[in-house]
1. Taking 1 over the mean of 1/r across every pair of different Cα atoms in segment 343-424, what Kirkwood radius in Å do you get?
2. If you take the beta carbon distance between residue 132 and residue 379 as r and set R0 to 41 Å, what does 1/(1 + (r/R0)^6) give as a FRET efficiency, to the nearest 0.05?
3. Looking at the calculated P(r) for segment 507-692, what percent of the C-alpha pair distances fall above 19 Å?
4. In Å, what Rg and Dmax follow from the Cα atoms of segment 334-500?
5. Take residue 663 and residue 142, extend 7 Å from each Cα along the Cα→Cβ direction, and tell me the distance between the two endpoints in nm.
6. Which whole-number percent is the relative contact order of segment 5-315 (Cα, under 8 Å, 6+ apart)?
7. Could I have the simple spin-label model distance between residue 108 and residue 89, label points 7 Å from Cα toward Cβ, reported in nm to one decimal?
8. Got the relative contact order for the chain handy, in percent, Cα pairs under 8 Å and 6 or more residues apart?
Amino acid sequence: MALQPENYINRELSWLEFNQRVLEQAINPNVPLLERLKFLAITSSNLDEFFMVRVGGLQLQHQAAVASTDQSGLSVTEQLDAIRERTTQMIARQYTCFLDELEPALAAHGIERVEISTAGVKHHEAANRIFDEEILPVLSPMAVHASDEFPLLVNHALYVCVQLSIPKPKRQADEAAYRFAIIPLGRALPRVLTLPSEQGFSFALLEDVVSNFASSFFGNEQILSTTTFRISRNADLSIQEDSAADLLHGMKELLQQRKTAECVRLDIDAQAPPETVAFLQKALQVGDPQTTRSLAPLDLSAFMQFNGLEGFDHLRDTPWNPQRSPLIDPTQSMFSTIAEQDILLSHPYESFSPVVRLIEEAAEDPDVLAIKQTLYRTSRNSPIVAALRKAAERGKYVTAIVELKARFDEARNIEWAQELEEAQVQVIYGVKNLKTHAKICIVVRREPRGIVRYMHFGTGNYNEATARLYSDVSYFTCSDEIGTDASAFFNAITGYSQPQQYHVLDAAPIGLRKKIIGLIDAEIERKKQGQRALIMVKLNALVDPALIEALYRASQAGVTVRLNIRGICCLRPGVPGLSENITVVSIVDRILEHARIVYFHHGGDDLAFISSADWMPRNLDRRVELLIPVDDLVCKRRLINMLDTAFRDTSNSWQLQPDGQYLRRQTEHGQPTVRLQETSYQQALDAIKHAEQKRRTVFEPHQPAVRSEAVE
């Protein structure tokens with residue numbers, strides 16, 4: 001099928017629509033106030049990364065005069081223009097939300113930002129005292145006499161640009177009447193400064209305090225203006241692995257390159273004088289298209305910390321504490337539990353602790369011979385890394401595939417890799433020219449029946465911190481057939497060998513796309529034979545042209561296709577003659593949807609899979625990924641139920657329209673509102689409750705104590 005560009009939605013604009021859906025949570029008055037502020041902070045953080053990576057990459061293409069178009073038919077210039085228009089609207093809406101909606105509502109509940117220029121005597125004196133005692137001794141201004149002397153600025157750090165008057169007697173005839181100095185605010189000082197308050201929480205922002213008392217840095221010189229600004233540097237840099245003899249050294253060099261990469265965005269106070277804007281633009285080599293004029297305060301992501309503000313629980317969501325799975329007995333070892341049955345967990349509604357427990361028990365168990373694990377993103381104080389280190393120190397054979405190229409986690413992964421190597425762990429830095437993104441752990445154990453492989457597969461990272469924030473799936477099994485494939489998978493990576501033919505697993509970059517297309521084609525064939533045909537997919541992104549084309553063919557054959565795509569979706573649903581049988585929904589709720597689940601009706605013989613891969617060229621061609629079949633009937637039914645509930649969500653679900661816009665789904669008259677995440681948490685609660693009730697209905701007699709034969 002030869003598809004036209006109009007059959008695709010531009011990837012960058014689709015991502016921006018996802019960020020708009022996040023912003024809608026901040027705008028939604030039905031969301032608790034501090035949760036709205038959190039969502040607003042997320043949209044700001046998301047845009048930072050978008051400019052660093054996606055816009056940075058497009059600007060490099062623009063500078064190189066790349067003439068190609070994307071699959072939607074847009075040139076590089078057209079994409080940059082469309083992004084600029086859309087982000088300008090989005091940023092304006094962010095600040096309207098913050099200044100006109102959230103700040104007044106927060107102040108009404110006692111959380112008040114104090115602007116020093118209009119502060120009362122008490123707050124002004126307190127801010128002055130903080131400045132004199134805690135800020136002035138730390139910060140140092142840098143005089144900048146010309147743009148070519150401009151200092152190296154830290155990515156996303158805040159700065160205050162001070163415009164100082166030069167009296168006429170002190171300047172040359174052709175010299176400007178002012179000069180500039182830059183005050184780096186650094187990261188040692190808190191952005192939010194607490195001010196005295198009889199009740200509630202009053203605060204000032206660091207840049208506001210510095211701007212108001214900046215004269216202390218410059219003696220008797222007259223300050224004409226102070227302007228807060230920050231920059232975003234291009235992070236779309238990659239290492240040339242073919243020429244990097246030492247990947248670890250190469251990645252360290254890449255991190256250094258990011259510190260000096262070109263500026264892709266200047267974010268500046270909207271009230272900045274023209275002279276300051278012109279000076280900064282010239283120094284940073286950016287123009288108006290790369291300049292974002294923001295209403296103060298800059299960097300709304302800093303307000304994420306307010307979600308943990310004590311004393312304001314009524315302004316937050318009711319906590320959903322992760323529940324213990326009734327299938328996992330804390331008094332039994334994970335090995336005996338997995339040996340009894342396959343187990344599927346839904347995080348964060350069910351606790352991630354069994355995953356950690358499996359690895360910690362493996363480190364201690366004398367019958368465990370080896371542990372093999374992939375690590376893509378881990379927590380700062382990872383108990384999993386600690387367990388791997390302990391296992392190696394106890395003489396077990398431990399192999400860790402640590403992906404050094406995990407963007408923005410490179411530094412942490414380098415640190416973990418070096419620590420694991422010191423503990424005698426066999427560390428593999430992934431595969432040359434690929435990222436190892438698969439989530440797999442194998443524990444090899446000697447038992448009376450022989451060698452047994454206990455495995456964990458996941459859709460999310462081995463990170464117990466984000467496992468409370470992301471919606472993911474864990475699957476435990478000791479299947480011999482899967483174990484054989486899992487070992488072959490590890491051997492192919494660690495031995496730099498040609499991947500073997502797998503029996504049940506499928507992996508990228510070899511075979512995964514072909515497998516999925518084969519499953520789609522099989523569903524098409526069944527529909528042609530008059531059978532029921534259904535495809536349900538839950539992903540974070542759908543971009544791959546070959547898979548989009550296959551789904552279009554399925555729709556044209558009459559196959560019902562339901563897609564739950566959280567973020568980017570380049571497929572156009574509901575187009576007559578092309579995709580009228582395809583529905584695309586996106587759920588944005590209090591927890592980040594992250595699980596990848598794939599289902600095919602397969603003539604009534606349901607096929608269900610979990611995966612680490614989104615359907616994007618990068619995942620299918622440039623990453624090592626896994627597609628894992630879930631054959632256990634109980635686990636399979638649970639996956640299908642998750643998908644069904646996702647497509648019934650009318651609480652925080654949006655439906656993609658043929659024109660690329662998203663409309664919030666509404667509950668039909670007389671029908672109950674369905675909320676996927678609330679339902680998932682309630683199911684976790686109900687499972688524990690049912691297990692407790694079942695346990696109480698089992699009669700367990702008290703046995704007499706064993707008495708000694710003789711009593712002295």
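1. Details: mean 1/r = 0.0747 Å⁻¹.
For segment 343-424, the Kirkwood estimate is 13.4 Å.
2. Working: r = 38 Å, r/R0 = 0.94.
It comes out at approximately 0.60.
3. Details: 10289 of 17205 pairs.
Summing the P(r) of segment 507-692 above 19 Å gives 60 percent of all pairs.
4. Just the Cα atoms of segment 334-500 yield Rg and Dmax of 14.9, 45 Å.
5. 5.3 nm
6. Values: 429 pairs, mean separation 69.1, N = 311.
Worked out over segment 5-315, it gives 22 percent.
7. Inter-label distance under the simple model: 2.9 nm.
8. Details: 1258 pairs, mean separation 79.0, N = 712.
Rounded, it is 11 percent for the chain.
None of the figures in this text is laboratory data; all of them are computed from the coordinates on show. Given the structure is predicted, the values throughout are model-derived calculations rather than measurements. Don't worry about glycine lacking a Cβ; one is built from the backbone with ideal geometry, like all the others, and counts go over all protein chains shown.
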